[in-house]
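Beneath this line is the structure, given in structure tokens, with notes to follow.
The values are calculated or read from the model by the stated rules, or taken from the named source; none is laboratory data. This one's a predicted model, so the numbers in the text were calculated from it and none came from an experiment. Here the Cβ is made from the backbone with ideal geometry for all residues, glycine too, and neighbour counts use every protein chain on show.
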Amino acid sequence: MPETVLPIITLSTIFVFILIIGSPPSALRAFLMITIYWLSFIAHRQPNPFSALILSAILLLIINPWQLLSEGFKLSYSVVGTLLLLGLPLNDWLQSKCQLFKWLPKDNWTTTHKAISCSVKSLILATTISFAAWIGSIAICFKLFGYVSSGAILANVVLIQIASLAILTGIVSLGVSFLNLTSVSEFLNHSAWLIISAMNDLLMIVQKLPFPALEKQSNEEFPSDWIQVAFWCLLIFSYHMNSKKHLLGLLIPVIILLVSILIIAQNA
């Protein structure tokens, strides 16, 4: 599609989808980020995902300042911000350290070489994204549910891929329904239900595995907001000071976060 038409179609489609699902903060955040990202291209400026994230948060708070008290708002922005500042640099670092078949020129790679390399890269990306999302949500989830498990890191690596199939099946089902192909639409809906059921079964299996977990021992409110603010200040500072070449500096806020949650949870 022409570059002038593609943003209009993309943003219009996403906007209609957001209206259908009730305009939750996570969807509005994504829509504003994508809009800002496209505008930067149109204005011939270099797009910056983190700047788009911050600007979308400011715009949403201008529209409705009370969203700052919403756990969904905090969770959405905390997770995506941690993905950008921790997950992607961690992925880049691991990808640079884990380059398969370096001794063999890429022109001589067989289909097997390419498949193995692609699979390893995809696994590293999925794992780092899952880890960053877990770190970005751990304090808020502990406050809301009183329980967090490191098994979520492994579960998300698989669940995100399966969830993509469920979403794709739902989208195709919607498209088919406009053609009055009821039988095909019902088949696709049942397929999506089977996928979601498989996700639930997988979660039950992961919960039974002996992953390290932390459970709230008292009814006192967990100070997740203060922990998140401290974590974000440290993470932004570490990202600014260490950049992607010194990844160990980015892990310091993660260690402090986990130790703080452990100490506060045990003493609460």
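Here is a list: Leu84, Leu94, Leu90, Leu75. Which entry is at pLDDT 85 or above and touching a Cys at 6+ places or on another chain (Cβ under 9 Å)?
Unique residue meeting the criteria: Leu75.
Counting only residues that are surrounded by fewer than 12 Cβ atoms within 10 Å (Cβ to Cβ) and free of Cβ contacts under 8 Å to residues at least 24 places away in the same chain, how many does segment 195-228 have?
Qualifying residue count, segment 195-228: 8.
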Original post:
So is Leu125 within 19 Å of the chain's Cα centre (by Cα) and surrounded by fewer than 21 Cβ atoms within 10 Å (Cβ to Cβ) or not?
Top reply: yes
Subject >> Every residue from segment 9-46 that is of a type in the set (Lys, Arg) and surrounded by 16 or more Cβ atoms within 10 Å (Cβ to Cβ) >> reply: Arg29
Subject >> Residues of segment 128-165 classified as surrounded by 19 or more Cβ atoms within 10 Å (Cβ to Cβ) and farther than 27 Å from Trp232 by Cα, total >> reply: 0
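For every residue, the table says whether it meets (1) basic (Lys, Arg); (2) touching a Ser or Thr at 6+ places or on another chain (Cβ under 8 Å); (3) in a helix (DSSP H, G or I).
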residue	(1), (2), (3)
Ile14	no, no, yes
Ser26	no, yes, yes
Arg29	yes, yes, yes
Tyr37	no, no, yes
Leu60	no, no, yes
**OP:** Can you run down the residue pairs with Cβ atoms below 7 Å, 6 or more apart or on separate chains, where the first is in segment 165-184 and touching a residue at least 12 places away in the same chain (Cβ under 8 Å) and of a type in the set (Phe, Trp, Tyr) and the partner is exposed (fewer than 12 other Cβ atoms within 10 Å of the Cβ) and in a helix (DSSP H, G or I)?
**Re:** none
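Give the number of residues within segment 66-119 that are of a type in the set (Gly, Ala, Ser) and over 27 Å from Ala30 (Cβ atoms).
Going through segment 66-119 one residue at a time, the tally reaches 4.
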**OP:** Of the conditions (1) more than 22 Å from Leu250 (Cα to Cα); (2) out of contact with any Phe, Trp or Tyr (no Cβ under 8 Å at 6 or more places or on another chain); (3) not hydroxyl-bearing (Ser, Thr, Tyr), Trp109 clears all except one; give me its number.
**Re:** (2)
**OP:** Could you tell me whether any residue of segment 94-115 is assigned to a helix (DSSP H, G or I), under 28 Å from Ile153 (Cα atoms) and touching a helix residue (DSSP H, G or I) at 6+ places or on another chain (Cβ under 7 Å)?
**Re:** yes
**OP:** Within segment 121-146, track down each residue that is within 14 Å of Val254 (Cβ to Cβ) and either touching a residue at least 60 places away in the same chain (Cβ under 8 Å) or not polar (S, T, N, Q) (or both).
**Re:** Phe131, Ala132, Ala133, Trp134, Ile135, Gly136, Ser137, Ile138, Ala139
Subject >> All positions within segment 154-210 that are in contact with a Phe, Trp or Tyr (Cβ under 8 Å, 6 or more places away or on another chain) and either assigned to a loop (DSSP other than H, G, I, E, B) or not hydrophobic (A, V, I, L, M, F, W, C) (or both) >> reply: Asn156
